[in-house]
Every structure is written in structure tokens, then in C-alpha cells.
Amino acid sequence: MNGDLSGANALRLMGALVKSGAQADVPIANARVSDVAVQAGLDGDELERALVYAGEQGWMETGENPGWTRITEAGISAGQGNG
């Protein structure tokens, strides 16, 4: 799997999260991120690579509490139009 596909999958994930109502800097449970990803057709290695890519781009950050993530303003912007 190449970086282009990881980037496309990360954009697809961001779009699905935006469509599901995710908001910038509001904690979201990792389980919810996984559920949304599966509904968008991402799981396993595809999801893992998409999450890594999204983190590298600054679209997602680890939440303050274990098991939680935050989507950044940049992540919301990246996801708009990709849901």
C-alpha cells in the first residue's frame, strides 16, 4: 500500500467523521472512530495506515484520556467534501 492510498483513505475517514457530526477539538471515543471507519469501508491495515497518515498531517491528535481522540480544525477542513 502506498502513501497516496493511505492519504486517500485518511481523507475518506475524515469525511466520514465530519459527516457523522465530529467537531474540531471535541473528544471522540476511539471505538466511535473505528465504527465510523468501518461504515466508510476502512478496517485493518487500511484503517491503521489512514490513522497514521491523519496524525502525521495534524488532522487527528491523541486525546487527553486513554481511548479518546481529537479531530483538529485541519482534520475537519480536510474532511469537508470527502464524506
Item to check | Residue, farthest from Gly7 (Cα to Cα), within the range 42-61, restricted to residues that are assigned to a helix (DSSP H, G or I) and acidic (Asp, Glu) | outcome: Asp45
Next on the checklist: Quick test for you: out of Leu13, Leu5, pick the one residue that is under 10 Å from the mean Cα position of the chain (by Cα), part of a helix (DSSP H, G or I) and hydrophobic (A, V, I, L, M, F, W, C).
Outcome noted: Leu13
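Is it the case, given these coordinates, that Ala50 is under 16 Å from Gln80 (Cα atoms), of a type in the set (A, V, I, L, M), surrounded by 14 or more Cβ atoms within 10 Å (Cβ to Cβ) and out of contact with any Phe, Trp or Tyr (no Cβ under 8 Å at 6 or more places or on another chain)?
Numbers: under 16 Å from Gln80 (Cα atoms): no; of a type in the set (A, V, I, L, M): yes; surrounded by 14 or more Cβ atoms within 10 Å (Cβ to Cβ): yes; out of contact with any Phe, Trp or Tyr (no Cβ under 8 Å at 6 or more places or on another chain): yes.
No; evaluated as a whole, the condition is false for this residue.
Can you name the residue in the range 67-78 that is aliphatic (A, V, I, L, M) and outside any strand (DSSP E or B) and, of all such residues, is nearest to Ser6 (Cα to Cα)? Talk me through it step by step, then tell me what you get.
Step one: list which residues in the range 67-78 are aliphatic (A, V, I, L, M), which gives 71, 74, 76, 78.
Checking the rest, the ones that are also outside any strand (DSSP E or B) come to 74, 76, 78.
Values: Ala74: 17, Ile76: 17, Ala78: 14 Å.
Here the residue is Ala78.
Please work out if Glu64 is assigned to a helix (DSSP H, G or I) and either aliphatic (A, V, I, L, M) or farther than 20 Å from Gly81 by Cα (or both).
When the stated conditions are applied, Glu64 does not pass them.
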Checklist entry - Looking only at the range 18-31, which residues are crowded, with 18+ Cβ neighbours inside 10 Å and touching a Gly at 6+ places or on another chain (Cβ under 6 Å)? => result Val18
Checklist entry - Does Ala50 qualify as being over 10 Å from the mean Cα position of the chain (by Cα) and among the aliphatic types (A, V, I, L, M)? => result no
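Every number here is computed from the coordinates shown, using simple stated rules; none is lab data. Bear in mind the structure is a predicted one, so any value in this text is a computation, not a measurement. Quick reminder, even Gly has a Cβ in these numbers, built from the backbone with ideal geometry, and neighbours come from all protein chains shown.
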